[in-house]
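The values are calculated or read from the model by the stated rules, or taken from the named source; none is laboratory data. Everything quoted here is computed from the prediction, not taken from an experiment. FYI the Cβ positions are ideal-geometry reconstructions off the backbone, even for glycines, and counts take in every protein chain you see.
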Amino acid sequence: MLIDRYITRAQFHAFLIVFVSLAGLTFVVDAFTNMEEFIAHSAEAGGLAKVLGAYYGYRLISFFDATSPVISLASAMFALSWLERHNELTALLAAGVTRWRIARSTLLFAAAVSLLAAANRELVLPQIRHAFSRNAQDLRGDVAFPFEARYDHQTEILFRGRTAQAATHRIDSPNLLMPPTLADYGPHIDAAEAFWKPADASHAAGYLLCGVREPVDIDKLQPLECGGRIIVLTSAAAAWLQPRQCFVVSDVSFEQLIGSTNWSQYASTPELVRAIGNSSLGVGNDVPLRVHARLVAPFLDLSLALLGIPLVVGPNRRGIFVAVGLCVMMTVLFFLTVLGCHALATNYMLSPSTGAWIPLLVLAPLAAWRAQPMWQ
């Protein structure tokens, strides 16, 4: 128990040092690159320190999610190398302490970090993902960016527009191309602007179109139905709508409609599963791949630790710098394998499940084989 506390404390300190150093270096470079934008926004946001704290505070959580496996391995290497440097590792082995007993605390630490990262992905990041949709050039969220046409695959309506704004969920000059089954108003609905509205007591989720230009008699038209479901509401049937307004029902949210990767990267696993079952989205291989990758991630994190730790506590111990160099090469090959399989699945050369699980099926047995000498 004393050995476990000693090694865990050393690894925890190393983890904090590496994490703060990498995050600090990354954020300092980014902050100096975008300092003009931060200063311009600080007057209305309560000061420069508040702007930087809010902006990089959220990104620190995302940085932990992206780097925790590598930093966990690096901290284990530092802690064990510290024992080697001061000949404490030799003393422990001479006292009859097995290599597995020495490495056990580092593996438990890696498992704890992996579980913390999984909880972060499921509970924290989904709640703050809106903060990642704005970069330093769009701190207010009012910068207009080009809007790419996207289908609602359930209603077959093609949403088109000029620009979109993330903060207000606004589409400028929306033009909805209607399918033949919903063409009673004409081939398209053209308006000045549209806003995403979540479902409430008066309507389902969808888009409120304001300043409708076509059809010109929109206020006199009756709602459009398809398959027994109202798709387009007008003021003739909905008292809450103002003149020259209509409401288009859609299960495609604003961040999904604009093609933002934040919703899939930072959504929780239940949200991703619901998105797969949402017939309006027509998701590609990337979303199912992300679900499988979430399930595999903790096991891959442990496999990475098992591949690196034997370089220090294995029977064929090398110098510290040699071990660190081999660990870096092994880590690069590890992530090339994972990212390569994911790329093949994203490009439809592998199924999502195959692309996510092949790295584990290859790397886990390799990690067990590399760690086997520690049990001797």
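If I filter the stretch 28-85 down to residues being among the polar types (S, T, N, Q) and farther than 26 Å from D301 by Cβ, which single residue comes out as surrounded by the fewest Cβ atoms within 10 Å (Cβ to Cβ)? Give the steps one after another, and end with the answer.
At the first step, the residues of the stretch 28-85 found to be among the polar types (S, T, N, Q) are 33-34, 42, 62, 67-68, 72, 75, 81.
After this cut, where a residue has to be farther than 26 Å from D301 by Cβ as well, the list is 33-34, 42.
On the way: T33: 10, N34: 15, S42: 16.
The residue in question is T33.
A search for C-beta distances below 6 Å between a residue of the stretch 336-353 that is assigned by TED's automatic domain parsing to the domain that holds V70 and any residue that is aliphatic (A, V, I, L, M) and in a helix (DSSP H, G or I), counting only pairs 6+ apart in sequence or on different chains, returns C341/I358; A345/L289; L350/L344; P352/L289; P352/A345. How many of the residues in the stretch 336-361 are assigned to a helix (DSSP H, G or I) and either surrounded by 15 or more Cβ atoms within 10 Å (Cβ to Cβ) or among the basic types (K, R) (or both)? The qualifying residues number 16. The residues listed here are H203, H169; of these, the one that is at positive phi and surrounded by 15 or more Cβ atoms within 10 Å (Cβ to Cβ) is H169.
Being farther than 26 Å from L209 by Cα and among the aromatic types (F, W, Y) is the filter; apply it to the stretch 254-309 and report the residue that is modelled with the highest pLDDT. Going through the qualifying residues, I end up with F299. Here T181 clears all of (1) buried (at least 17 other Cβ atoms within 10 Å of the Cβ); (2) of a type outside the set (A, V, I, L, M, F, W, C); (3) assigned to a helix (DSSP H, G or I) except the condition numbered (1).
For the subset of the stretch 214-244 comprising residues that are in contact with a Gly (Cβ under 8 Å, 6 or more places away or on another chain) and at negative phi, which member is surrounded by the fewest Cβ atoms within 10 Å (Cβ to Cβ)? Step by step, filter the stretch 214-244, then rank; the result is E214.
Could you say whether any residue in the stretch 243-255 is under 16 Å from the mean Cα position of the chain (by Cα) and of a type outside the set (G, A, S)? Working first, answer last.
Narrowing the stretch 243-255 to residues under 16 Å from the mean Cα position of the chain (by Cα): 255.
Checking the rest, the ones that are also of a type outside the set (G, A, S) come to 255.
Yes: one or more hits.
Taken as a whole, the condition of being closer than 28 Å to V143 by Cβ, touching a helix residue (DSSP H, G or I) at 6+ places or on another chain (Cβ under 7 Å), crowded, with 18+ Cβ neighbours inside 10 Å and modelled with pLDDT of 90 or more does not apply to F15.
For the stretch 136-163, what are the residues that are over 30 Å from G47 (Cβ atoms), aliphatic (A, V, I, L, M) and modelled with pLDDT under 90? A149 - this is the single residue of the stretch 136-163 that is over 30 Å from G47 (Cβ atoms), aliphatic (A, V, I, L, M) and modelled with pLDDT under 90. The helices (runs of 4 or more DSSP H) falling completely within the stretch 215-322 that include 2 or more residues that are under 30 Å from M77 (Cβ atoms) and in contact (Cβ under 8 Å) with a residue 60 or more places away in the chain map to 286-308, 310-313.
Is it the case that F12 is within 22 Å of the chain's Cα centre (by Cα) and under 30 Å from F109 (Cβ atoms)? Criteria not met by F12.
Whether any residue in the stretch 84-105 is at pLDDT 85 or above, under 21 Å from V332 (Cα atoms) and not aliphatic (A, V, I, L, M) is what I want to check. Break it down into steps so the answer makes sense when it comes.
So in the stretch 84-105, the residues at pLDDT 85 or above come out as 104-105.
The next check asks that each one be under 21 Å from V332 (Cα atoms); those that pass are none.
No, the stretch 84-105 has no match at all.
I need the full set of residues from the stretch 130-170 which are assigned to a strand (DSSP E or B), more than 24 Å from the chain's Cα centre (by Cα) and free of Cβ contacts under 8 Å to residues at least 60 places away in the same chain, in order please. First the steps, then the outcome.
Just the residues of the stretch 130-170 that are assigned to a strand (DSSP E or B), to begin with: 145-146, 150-152, 157-160, 163-165, 170.
After this cut, where a residue has to be more than 24 Å from the chain's Cα centre (by Cα) as well, the list is 157-160, 163.
Across the stretch 130-170, the qualifying residues are L158, R160, T163.
Report whether or not V283 is touching a helix residue (DSSP H, G or I) at 6+ places or on another chain (Cβ under 8 Å), within 30 Å of L92 (Cα to Cα), surrounded by 14 or more Cβ atoms within 10 Å (Cβ to Cβ) and β-branched (V, I, T). No.
Being among the basic types (K, R) and within 15 Å of A54 (Cβ to Cβ) is the filter; apply it to the stretch 130-159 and report the residue that is surrounded by the fewest Cβ atoms within 10 Å (Cβ to Cβ).
Going residue by residue through the stretch 130-159, those that are among the basic types (K, R) are 134, 140, 150.
Within this subset, residues satisfying the condition of being within 15 Å of A54 (Cβ to Cβ) are 134, 140.
Working: R134: 18, R140: 12.
Only one residue fits best here, namely R140.
Given V113, V124, which one is closer than 26 Å to V28 by Cβ and surrounded by fewer than 20 Cβ atoms within 10 Å (Cβ to Cβ)? None of the other options fit; the residue is V124.
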